[in-house]
Structures are given as C-alpha cells and as structure tokens.
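Coordinate-derived values only; no laboratory data. This is a predicted model, so every value here is computed, not measured. Every residue, glycine among them, receives a Cβ derived from its backbone with ideal geometry; neighbour counts consider all protein chains shown.
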Amino acid sequence: MEQPKSITGGCNCGGVRYRVDFAQNHDWKQGPGTCQCTQCRKMSGSLIFNLHVVPISAVTWLSKATYAEYNSSAQCFRAFCKDCGSSIAWMDRSIDKEIELAIGTFDEEFLVGARDAEDKPLGAYGIALANPKGNHHFIRNEIQGVTDTHTRKGTRFWTVSKDGAMKDSEEGN
Ligand SMILES: [Zn+2]
Ligand SMILES: [Zn+2]
C-alpha cells in the first residue's frame, strides 16, 4: 500500500486550506478511521464520517480565512468553513496533541489520482489515507444493509476507543 509523504486538502470554497506532512513512523493502521455517531452524521451530512488522526504538528494551515470552530461538547470542537460549510476536523481538547481531519476534504489528486483518457483513475493514496482496516467507532449506530459493510475489516468499537475493541474486530493490517 503506497503511502504519501505529504498531502494537501481544504474546504469546498478554498477559504480553508492545509498541508499534512506525515512522519516516517506515521501509523497507517490507527490513523484512518470512521465514526457513525449522530454528531458526526449531523456535522458531515454523511452516514459514515471518515477521519484521519494526525499530530497537530503535522498540519500546516495554508489558509484559515473562513475557518471556524463549533464546540460540539464541553471537551470537543469541530472545525468547519463558515462560508461553504465543509466539515474540516474534529478535536478533543483533552488530547491536545492530535487532530482528526475529515478525509473527504483531502484533495482529489491524493485520494483518487490522475485519470486516463477514459476518465478512469490511475490510482493514488486513497486506500492508505482511508484504510478500511483502521478504527471504526459507534458501531452501535450501524444501519444494517447500508453502512455495516464498510466496517467489517479493522478494529470495531461499540462507541469510543477508550471502551475497548469489540470481539469481532479483525487483527493485523
Ligand atoms: Zn469553504
Ligand atoms: Zn463521531
């Protein structure tokens, strides 16, 4: 699985832009994950929210012109673009060294790559950036026959990671 050294991303209108420089020892299994909690669904507008955990020091903000934060709980906030509404990130203030970036805001050239003459993608880093064998949170909210197929691989959590993995989690990467 080919892994990028660095990627860029941003919101729909371009008011928020960032670069991520991945450390050589970046954890490509624990980094990518999904969440199906109701807050992530409401904020992203999607049934499954794909997030990638990186150290805050790995993120360089190239533009914060329209950057805003919403306190979704006493401890956590969600970063978004106040002009176009893109969900950018989630962060727990008590784990202040890490930020979870919304994978859907990673630029297409890194997720999908260039295309051939027939518009077929030539391949990029999508499988590494959104590794389906990563951590899957809030399995309790899975919708049978709709979202459950996305979380069969990897480590599954009934709610949050600190409560421990479910017994049906797959090991290895
Ligand atoms: Zn925007
Ligand atoms: Zn969530």
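Just a few scattered comments:
- Dipole in debye (nearest 20) - region 13-165, about Cα centre, beta carbon charges: Lys, Arg +1; Asp, Glu -1: 400 debye
- Each peptide in 67-77, 1-11 was scored by the mean count of other Cβ atoms within 10 Å over its residues; highest first, the order is 1-11, 67-77.
- For region 18-160: rounded, prolate or oblate by the Cα gyration tensor [a/c cutoff 1.5]: rounded
- In terms of other Cβ atoms within 10 Å, ASP27, ASP119 run from fewest to most in the order ASP119, ASP27.
- When the helices of the chain are scored as -39500 (n - 2.57) per DSSP H run of n ≥ 4 and the total is divided over every residue, the value at 222 nm lands at -1500 deg cm²/dmol.
- Net lengthening on full extension, GLU98/ALA68 (0.36 nm per residue, minus Cα-Cα): 9.0 nm
- Hypothetical label at LYS120: residues of region 1-34 whose amide nitrogen lies under 20 Å (7 Å Cα-Cβ projection): 2
- Net length gained if the chain between LEU47 and CYS84 were fully extended (0.36 nm per residue, minus Cα distance): 11.3 nm
- Residues SER94, SER169 in ascending order of nearby Cβ atoms (within 10 Å, fewest first): SER94, SER169.
- Separation of alpha-carbon centers, region 1-51 and region 123-139, rounded to whole Å: 9 Å
- Among the listed pairs LYS97/LYS133; LYS82/LYS167; LYS42/LYS162; LYS42/LYS64; LYS5/LYS167, those beyond 32 Å (Cα-Cα): LYS82/LYS167; LYS5/LYS167
- Between the listed residues ASN25, LEU129, SER57, the Cα displaced farthest toward the positive end of the dipole of the chain, a dipole computed from Cβ unit charges relative to the Cα centre, is found at SER57.
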